[in-house]
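Here's the structure we're looking at; comments come further down.
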Amino acid sequence: MALLKILTYGNKVLREKSKPIEKITPELVELAKDMLETMYDAPGCGLAAPQIGRNIRLVVIDTSIPDEEEPNPYIMFNPEWEPEADSESVVHEEGCLSLPGIWGDVTRSSKIKVRYTDINGNPQELSGCEGLFARCVQHETDHLEGQLFVDKVSAADRAMNASKLKKLAKENS
Ligand code: NI
């Protein structure tokens with residue numbers, strides 16, 4: 001296990017579309033476990049492969065409350081989601097390990113279905129996902145498209161964070 005370096009805003013890897021994973025190899029499983037360790041250390045509740053410099057469709061998530069609930073890690077290869085029929089639009093504040101110190105309100109689907117491949121290569125489907133977990137899945141899969149939450153915040157939130165974003169981008173240029 002190893003801690004990985006988390007890339008921050010301005011690094012162009014974060015803006016590239018990630019490639020589907022065709023075969024779950026031991027190397028990829030090891031990478032996913034390192035991503036989980038990196039995420040817990042940060043600390044955060046989700047991490048996508050582009051954030052550690054790999055443009056592949058892999059995300060890790062654990063939205064359990066540290067020190068209060070049992071850890072509940074998910075490793076998802078090629079994750080996809082769709083809103084459930086009774087999903088609504090919900091606004092909540094988000095942050096991102098690649099955007100330290102930046103926060104903003106993002107509108108997401110309240111209830112989703114998630115499909116992914118697990119570490120054994122088996123297809124998995126989770127229906128009726130809600131709350132922080134549903135939000136996290138949407139945020140992390142955006143990373144696989146090269147999208148960041150700041151792309152989706154209101155003009156007011158963008159303006160409020162403009163100088164911090166500019167500073168981060170400059171550090172990474
Ligand atoms: Ni993020």
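Worth a mention:
- In Hz, Karplus ³J(HN,Hα) per residue of the range 54-61 (6.51, -1.76, 1.60; θ = phi - 60°; x = Gly, Pro): 10, 8, 10, 7, 9, 9, 10, 9
- Protein heavy-atom accessible surface, 1.4 Å probe, per residue over the range 39-173: 51 Å².
- Ordered from largest to smallest accessible area (heavy atoms of protein chains, 1.4 Å probe), the residues M76, M1 come out as M1, M76.
- Interchain or long-range residues, amide H under 5 Å from E94's placed H: G104, D105, V106
- The range 84-167: radius of gyration and largest Cα-Cα distance (Dmax), Å: 14.6, 44
- Ranked order, D105, D34 - accessible area, probe 1.4 Å, largest first: D105, D34
- Overall, the accessible surface of the range 12-172 at a probe of 1.4 angstrom is composed of carbon and sulfur to the extent of 51 percent.
- ³J(HN,Hα), Karplus 6.51/-1.76/1.60, whole Hz, each residue of the range 80-88, x for Gly, Pro: 9, 9, 9, x, 6, 4, 9, 6, 10
- Kirkwood hydrodynamic radius of the range 1-154, from inverse mean 1/r over distinct Cα pairs, in Å: 15.6 Å
- Overall form of the range 27-104 per C-alpha gyration tensor (a/c, 1.5; a/b vs b/c): rounded
- In this rough spin-label picture, where each label sits 7 Å from Cα along the Cβ direction, the K164-I21 distance is 3.0 nm.
- Binned Cα-Cα distance frequencies in the range 1-59 - 10 Å width, integer %: 24, 54, 22, 0
- Point-to-point label distance, A156-E125, nm (Cα→Cβ direction, 7 Å offset): 4.1 nm
- Derived scalar couplings ³J(HN,Hα) [the range 3-10; Karplus, 6.51 cos²θ - 1.76 cosθ + 1.60; whole Hz; x for Gly, Pro]: 7, 9, 7, 8, 6, 10, 2, x
- Across the range 12-172, the relative contact order, built from alpha-carbon pairs under 8 Å that are at least six residues apart, equals 24 percent.
- Under 30 Å from the Cα of K23 - lysines, other chains or at least 8 residues apart: K5, K12, K33, K111, K113
- For A42, no residue whose modelled amide H falls within less than 5 Å of its own remains once neighbours fewer than 5 places apart on the same chain are excluded.
The values are calculated or read from the model by the stated rules, or taken from the named source; none is laboratory data. Bear in mind the structure is a predicted one, so any value in this text is a computation, not a measurement. Positions of Cβ are generated from backbone atoms using ideal geometry, with glycine treated the same way; all protein chains shown enter the neighbour counts. These accessible areas exclude ligands, DNA and RNA; they are computed on the full protein's heavy atoms, side chains included. Shrake-Rupley method; radii C 1.70, N 1.55, O 1.52, S 1.80 Å.
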